[in-house]
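Student: Before anything else, here's the structure in question.
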Amino acid sequence: MVTVTTVLKVLSLFVAELISSITDWFQTKPEWAKLEVLEDTELKTTGVHERHKAKTLWEKTGAVVMVVRRPG
């Protein structure tokens, strides 16, 4: 016999999935990063408060820069 808690679990999972699928319609699709935008990105150091342009950093030292976009 199906218990009340099992039914409530199924219903709550269904509602959660329904809300998730509806909100996905309104999210913008991510775009691939363009080299021009990455070159002009201003990078900040974590220790000393220095700022560098990404292009000059990898031209001088050959640094590999990983870009992470945080929402908000």
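Student: Kindly provide the GluC sites (Glu not before Pro) of the chain that DSSP labels as loop, not H, G, I, E or B, and whose Cβ sees at most 11 other Cβ atoms within 10 Å.
Tutor: Sparse-neighbourhood loop GluC sites (Glu not before Pro): 31, 50.
Student: In nm, give the distance between the simple-model label positions of residue 68 and residue 19, each being 7 Å from the Cα along the Cα-to-Cβ direction.
Tutor: 2.7
Student: Note the full-extension length gain between residue 48 and residue 36 as 0.36 nm times their separation in residues minus their Cα-Cα distance, in nm to one decimal.
Tutor: 1.7 nm
Student: Going toward the positive end of the dipole of the chain, with +1 on Lys and Arg Cβ and -1 on Asp and Glu Cβ, which of 19, 43, 2 do you reach last?
Tutor: Checking the options against the dipole of the chain, the answer is 43.
Student: Express the relative contact order of the chain as a whole percentage, based on alpha carbon pairs under 8 Å and six or more residues apart in sequence.
Tutor: Rounded, it is 15 percent for the chain.
Student: Sticking with this one: Are there chymotrypsin sites (Phe, Trp or Tyr not before Pro) in the chain that DSSP puts in a loop and that have at most 13 other Cβ atoms within 10 Å, and which ones?
Tutor: Here the sparse-neighbourhood loop sites are 26, 32.
Student: I've got another one for you. What does the charge add up to near residue 55, with Lys and Arg as +1, Asp and Glu as -1, over the other residues with Cβ less than 11 Å from its Cβ?
Tutor: Local net charge: -3.
Student: Under 5 Å between amide H atoms, partner at least 5 residues away or on a different chain: which partners does residue 43 have, H built in plane at 1.01 Å?
Tutor: 52, 53, 54
Student: Looking at the P(r) of region 4-61, how many percent of alpha-carbon pairs lie beyond 14 Å?
Tutor: Taking all Cα-Cα pairs of region 4-61, the fraction more than 14 Å apart is 74 percent.
Student: I've got another one for you. Please identify the trypsin sites (Lys or Arg not before Pro) of region 1-58 that satisfy two criteria: DSSP loop assignment and at most 12 other Cβ atoms within 10 Å. Which are they?
Tutor: Passing both the DSSP loop test and the Cβ count: 34.
Student: Take a quick pass over the chain and tell me how many lysine pairs come in under 25 angstrom between Cα atoms, counting only ones 8 or more apart or on separate chains.
Tutor: 7
Every read-out reported here was derived from the displayed coordinates using simple, explicitly stated rules and does not represent laboratory data. These numbers come from a predicted model, not from an experiment. Neighbour counts are summed over all protein chains in view; Cβ atoms, including those assigned to glycine, are modelled from backbone coordinates with ideal geometry.
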